[in-house]
Amino acid sequence: MAKSAYTEILQGKASDLFAVLGPRPVEGARVLTAFAPGAASLSAMVDGVPVQLSQEPDAQGFFTGRIPANGRYRLHRTGEDGTTMDYRDPYSFGPVLGELDEYLIGEGRHGQLWHALGAHVMEHEGIEGTHFAVWAPSAQRVSVVGDFNAWDGRRDVMRRRGASGVWEIFLPDLGEGTIYKYEILGPDGQVLPLKADPVGFGGQHAPETASIVRDISGYGWHDGAWMSGRAAHNAASAPISIYEVHLGSWKRDATQNGRPISYKEAAEELVAYVTDMGFTHIEFLPLSEHPFDGSWGYQPVGMFAPTVRHGPPHEFRDLIDAAHRAGLGVLLDWVPAHFPTDAHGLARFDGTPLYEHADPKEGFHNDWNTFIYNYGRTEVANFLLANARFWLSEYHIDGLRVDAVASMLYRDYSRKAGEWIPNKDGGRENYEAIDLLRRMNIEAYGDDASVMTVAEESTAFPGVTRPVHDGGLGFGFKWNMGWMHDTLDYMQTDPLYRKQSHHKMTFGLTYAFSENFILPISHDEVVHGKGSMLGKMPGSPDEKFANLRAYYGFMWAHPGKKLLFMGQEFGQSAEWNHAGELDWGALKDPRHAGLKRLVRDLNTLYRGTPALHRHDASPDGFRWGDVDAANESVYSFVRMGDAGEPPVVIACNLTPVERAGWDIGLPQTGEWAEVMNTDAEIYGGQGRGNLGRITAEARACKGFPAAARVMLPPLSVVMFRPET
């Protein structure tokens, strides 16, 4: 062997160790060359028979010798310090990836990319170990490093797989729990900061940043009944009421230094709580591995790894499985809009702008100090598309809520003139990102039409929930940010001046059926100095509660699916703090406990009343009654289901003045039960209302054939349904 080859290995510059190390035929014999830095001697055990290898002269750490032509071998190393160890030679194993994998990765069309890349515990050529594969096309060398090789990047150098840019190696006898990173020699010959695995299935606890080998195969699901009937729970006609959760701060264990609850604990406590509260779905803020707690998960590094903060992958599956067995859907926030600049992450992964754009005018978010994915690069798009499918298939996630869609759609998002690059037609739309979102929806729904995709999209981009074949983006639902901003602005206004903002509660109905909307009161409304929902409400402490109860009553009656961030169901007084837990002690106050009961009863009514959810996305299910009573700040409307399903009439009085004898229009005569009154004593109100029922007479009123005189309690919402 040429001495120069040994020198390159010693200097960490060699890129093809498989051409130098391992067994190879030489003049009819089988010659083994091994690299064992720090070894005093090295022998090969072939079928139990030792063969002493000779140290190469003037090539410290290299050993060579002839071994029997057949039989697998182990290496026996005696160190210069006298220690010994036995291990298998990774350079005695052939490749794992096939030509089809290589071709599909190169084409950017590998739909199950996580089966090819990442770290997989497996049996290869009859030996147990772990296969590592990573995409780094511009690297001169890629090595797997960890405690198993003293973090020496000269040793387990991977095999380059042609033009695909993929490097792979099978490391025998490594398995579950192995800590590893990739050492990469960039195109300029410089060793990069050690990199975590972009497709790794597990990571270390922060602030440590290495990947961990996790065997995610072999989980025994028990959610068959839920999965087979999931389509009915995710449909636009279904009652969908979402409890948004930051798992790290929902509840903490005070007996263990305030640690966040685990996935397994959440499988019991959180699932039971959400079920009791009547929500239909849990939505988790991002649970992909992320280095910084303060990002709440929105700056992920390990896109294929559930964060270890709450346990290993199978325990995350325990949580999903428990939710499904309890009849709850699970949504996961997914972040394809950007990624952090952390040195161990995707940033300049192989020494070049690989996942990101080279030009910061295209590839950097000034607001968040993060990189933007290069959606136009086929391999990057493949990485993201496969990641979406990964969560839906491997973890039975019922839907993905896609974060920051607006920032993806527009090249000039939060940029001044001259700070962005137009598209090929000179416009601001990001064609490549739009294509990625469409493909994501096509693939997600194509794999399983029962899933749900949700866009957090704050602009008027047309057709977000229109099918792709009709020119839309193909999402199932869209957050109604306009409704949220308008109605919260109104509710924060002193009731004395609400008449001047009357339209803010009605304007949403001019576009309410243009998309399949979710009405979101999310974490974004209770952070960064915005205070809590209760704190936003005007008036005395009791009036604050009354306003918030009325707002929730209006929200649950309004067309659109519902989303409420944790803690707001009982009116937590303080702004949300990701580093603590919810203020569960507030429930000792009857007003907080009453608000919690109201939300539970609103969910129960919403789920059990088709008129309140069947046509959330259709004008067939809504009709105004009082729409112009601005001076009194009164609104009334009717929600309707299908033929034969009883309607619900809703009346809202959003001033602190009691409205006795108010005429409301109803679609039919007879007795109507008061099925909801946010001023009821059990919710912390004063108990004013209509003694449980009203009588509708045959007289025209506000466009309806029947009418009733009702009492509208101050700062309240009342709902009526025909008695059967």
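Structural remarks
- Each Cα pair under 8 Å and six or more residues apart adds its separation to the average, and for region 83-142 the resulting relative contact order is 22 percent.
- Formal net charge of residues neighbouring His110 (Cβ-Cβ distance under 10 Å; K, R +1; D, E -1): -3
- FRET efficiency for Thr378 and Ser237, using Cβ-Cβ distance with R0 set to 45 Å, rounded to 0.05: 0.75
- Close amide-amide hydrogen proximity is noted between Lys478 and Ala455, Asn516, Phe517, Ile518, each under 5 Å apart and 5 or more residues distant or on a separate chain (H modeled in the peptide plane; Pro and chain starts excluded).
- Asn423 versus Arg24: modelled label distance in nm, points set 7 Å from Cα along the beta carbon direction: 5.1
- Considering only His324, Tyr298, Thr280, the residue lying farthest towards the positive end of the dipole of region 268-328 is Tyr298, judged by Cα position with unit charges set on Cβ.
- For Arg466, distant residues with modelled amide H under 5 Å away: Leu473, Gly474, Phe475
- Extension gain from Glu269 to Trp151, taking 0.36 nm per residue of separation minus the Cα-Cα distance: 38.4 nm
- When you restrict to C-alpha pairs under 8 Å that are six or more residues apart and normalise by the size of the chain, the relative contact order lands at 9 percent.
- FRET efficiency, 1/(1 + (r/R0)^6) with R0 45 Å, evaluated for Ala406 and Glu658 via beta carbons: 0.60
- The protection proxy used here, the mean number of other Cβ atoms lying within 10 Å of each residue, ranks peptides 257-270, 507-520 as follows, highest first: 507-520, 257-270.
- Positive contributions from Lys and Arg (+1) and negative ones from Asp and Glu (-1), summed over other residues with Cβ under 15 Å from the Cβ of Tyr431, come out at 0.
- Burial order of peptide ranges 100-107, 648-655, 704-711 (average beta-carbon count within 10 Å, highest first): 648-655, 704-711, 100-107
- Across the chain, counting alpha-carbon atoms alone, Rg and Dmax equal 30.8, 108 Å.
- Length gained when the stretch Gln112-Gln256 is fully extended (0.36 nm per residue, less Cα-Cα span): 47.9 nm
- Estimated purely from DSSP H runs of n ≥ 4, each contributing -39500 (n - 2.57), the mean residue ellipticity at 222 nm for the chain is -6500 deg cm²/dmol once divided by its residues.
- The charge dipole of region 150-272, taken about its Cα centre with unit charges on the Cβ atoms of Lys, Arg (+1), Asp and Glu (-1) only, comes to about 260 debye.
- Thr78/Tyr219 FRET efficiency (R0 30 Å; Cβ-Cβ; nearest 0.05): 0.10
- In Hz, Karplus ³J(HN,Hα) per residue of region 407-417 (6.51, -1.76, 1.60; θ = phi - 60°; x = Gly, Pro): 5, 7, 6, 10, 5, 9, 4, 6, 10, 8, 4
- Computed magnitude of the charge dipole of the chain (debye, nearest 20; Cβ of K, R +1, Cβ of D, E -1): 940
- The packing ranking of peptides 13-20, 565-572, 605-612, highest mean first, is 565-572, 605-612, 13-20, where packing means the average number of other beta carbon atoms within 10 angstrom of each residue.
- Among beta bridges that DSSP assigns inside the chain, antiparallel share in %, nearest 5: 80
- Within a straight-line Cα-Cα reach of under 20 Å, Lys478 can be paired with the following lysines, leaving aside sequence neighbours fewer than 8 residues apart in one chain: Lys504, Lys561, Lys562.
- Karplus-derived 3J(HN,Hα), 6.51/-1.76/1.60, for each residue of region 470-479, Hz, glycine and proline x: 9, x, x, 7, x, 6, x, 9, 9, 5
Bear in mind that the values in this text are calculations on the coordinates, not laboratory data. This one's a predicted model, so the numbers in the text were calculated from it and none came from an experiment. Cβ: placed from backbone, ideal geometry, glycine included. Neighbour counts: every protein chain shown.
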